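Right, one structure below, let's go through it.
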Amino acid sequence: SSPKGVPLTYQNILGNVESAAAEFNVVLADRILSAAPFSHLYGIFNFHIALSRGAAVVLLPAFTPQGLADAVVQSAPSVLFLGPAHAAAMLGHGLIKEPEFSCVRFSVFSGASCPQQLLERYHGSIPSSRVAQLWGMTEIQAGSFTHDSDSLSVAATTAGPAARGNEVRVRGADGSDLPTGEEGELEIRGCSVFGGYLDNPQANEIAFTDDGWFRTGDLASIDSAGYIRLTGRTKDVINRGGVKYNPTDIEALLMQHKAVDQAAIVAMPDPLLGEKACCFVTLHPDSQLSLDAVCAFLDLNKVSKVKWPERLEIVREMPLTPTRKIIKGELARHLKSD
């Protein structure tokens with residue numbers, strides 16, 4: 001998609017930051033380390049959290065698993081902001097462990113949907129750190145996040161309630177509001193949401209509903225306590241012969257396979273069914289994987305056959321954003337160029 005300008009006011013940013021800093025219990029004595037760059041909204045957000053409390057910022061020139069581990073040993077940060085892929089890479093190298101990480105009291109995850117197993121594994125490696133999950137994007141900053149007071153079971157499975165000053169709702173494909181627990185597109189309005197794309201009325205017409213809610217493009221459900229469970233992206237849904245499914249849970253399951261480091265499932269055109277699924281993976285060192293092995297693993301885990309991928313692509317590395325979120329559009333373009 002073409003880039004769009006997102007104007008944000010200081011009121012948008014600082015009110016949202018104040019809300020998060022309070023719920024994360026950030027204090028003057030904290031030392032904050034971000035695996036995300038400060039050129040990205042997630043990095044800017046947590047930098048402002050430090051400024052709002054007078055806390056110290058530990059600088060990381062560029063993320064590498066060993067580089068972040070070294071920074072923790074050298075600077076003893078008390079709060080980490082990172083993405084699931086940062087943690088997965090470090091856990092894969094055995095770098096997140098005590099006593100080196102015992103200084104960390106609180107870890108915030110954002111940038112992509114966070115597999116429950118990954119957050120539980122992270123916490124198991126450094127039980128000194130409480131874990132939080134944050135949902136955000138440039139247009140809304142931190143739309144929701146779990147709190148320091150929330151249990152691991154809550155933080156590992158939800159992205160918390162709407163940030164103070166914001167409201168969220170879930171709507172069906174027909175535009176109707178969906179009841180508690182049902183999956184649909186997540187919409188938000190409130191004080192942290194931007195006012196519209198810069199000089200782009202066509203994009204704004206699509207992005208906002210008639211009653212002023214921002215369409216995020218994220219799929220989610222909201223429980224009875226108002227906590228959000230993210231389930232994927234609307235554009236990632238695969239329509240296989242009229243049967244639509246969200247591949248996020250399948251990707252999370254595949255990342256539990258002993259050979260798989262990262263997994264991403266994207267739609268590929270099919271003349272008969274409209275779309276089929278292609279599974280891209282990166283593998284752990286000295287590992288092998290076949291499509292038959294993938295399907296056997298999914299069968300063992302009782303995944304419906306309609307959700308099995310028809311093609312496997314093993315790649316050396318995934319195309320990633322600065323926060324190490326997989327760029328599925330690049331993978332789809334790879335399929336089209338074949």
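Things worth noting here:
- In this label model, LEU178 and SER304 are separated by 1.5 nm, measuring between points 7 Å along each Cα→Cβ vector.
- The simple spin-label model puts a point 7 Å past each Cα toward its Cβ; for THR282 and GLU120 those points are separated by 2.5 nm.
- Gyration tensor (alpha-carbon) shape descriptor, region 166-310, a/c threshold 1.5: prolate
- Share, in percent, of DSSP beta bridges within the chain that are antiparallel, nearest 5: 65
- Debye, to nearest 20: dipole size of region 52-173, +1 on Lys, Arg Cβ, -1 on Asp, Glu Cβ: 200
- Averaging Cα coordinates gives a centre for region 147-190 and one for region 16-90; these two points are 25 Å apart.
- Backbone HN-Hα couplings from phi across region 327-332 [Karplus 6.51/-1.76/1.60, Hz, Gly and Pro as x]: 8, 5, x, 5, 5, 5
- Highest-fluctuation residue, ILE126, ILE265, ILE140 considered, GNM on the chain with Cα pairs under 10 Å: ILE126
- ³J(HN,Hα) computed for each position of region 281-293 - Karplus, 6.51 cos²θ - 1.76 cosθ + 1.60, integer Hz, glycine/proline x: 9, 10, 10, 5, x, 6, 10, 10, 7, 10, 4, 4, 5
- Across region 65-70, coupling constants 3J(HN,Hα) worked out from phi with the 6.51/-1.76/1.60 Karplus curve, θ = phi - 60°, read x, 5, x, 5, 4, 5 Hz, and Gly and Pro carry x.
- Were the residues from VAL73 through GLN11 laid out at 0.36 nm apart, the gain over their Cα-Cα distance would be 18.7 nm.
- Most mobile listed residue (ARG169, ARG189, ARG311) in the chain, GNM with C-alpha springs under 10 Å: ARG311
- The Cα trace of region 8-140 gives Rg and Dmax of 13.8, 41 Å, the first to one decimal, the second as a whole number.
- ARG130 long-range amide H proximity, modeled H, under 5 Å: PHE106, SER107
- Cross-link pairs LYS276/LYS325; LYS244/LYS328; LYS4/LYS307; LYS97/LYS302 - those with Cα-Cα distance over 25 Å: LYS4/LYS307; LYS97/LYS302
- Between ALA156, ALA132, ALA22, the residue with the greatest mean-square fluctuation in the GNM of the chain (Cα pairs under 10 Å linked by springs) is ALA22.
- Cα-centred dipole magnitude for region 183-338, charges only on beta-carbon of K, R (+1) and D, E (-1), debye, nearest 20: 260
- Relative protection proxy for 252-264, 70-82, from highest mean packing down: 70-82, 252-264 (other beta-carbon atoms within 10 angstrom).
- Protection proxy ranking for 313-323, 275-285, using the average of other Cβ atoms within 10 Å per residue and placing the highest first: 275-285, 313-323.
- Taking amide H as placed 1.01 Å from N in the peptide plane, GLY217 has its amide H under 5 Å from the amide H of LEU186, each at least 5 places away in sequence or on another chain.
- Label point distance in nm, GLU205-ALA293, each placed 7 Å from Cα along Cα→Cβ: 5.1
- Length available on full extension from HIS40 to GLU98: 0.36 nm per residue minus the Cα-Cα distance, which gives 17.9 nm.
- Exposure of ARG240 as accessible area (Å², to 10), given a probe of 1.4 Å and all protein chains: 60
- The chain: C-alpha gyration tensor shape, a/c 1.5 cut-off, then a/b vs b/c: oblate
The values are calculated or read from the model by the stated rules, or taken from the named source; none is laboratory data. Source: prediction; values computed, not measured. Glycine also receives a Cβ, built like all others from the backbone with ideal geometry; neighbour counts cover every protein chain displayed. Only protein heavy atoms, including side chains, enter the accessible area calculation; ligands, DNA and RNA are left aside. Shrake-Rupley method; radii C 1.70, N 1.55, O 1.52, S 1.80 Å.
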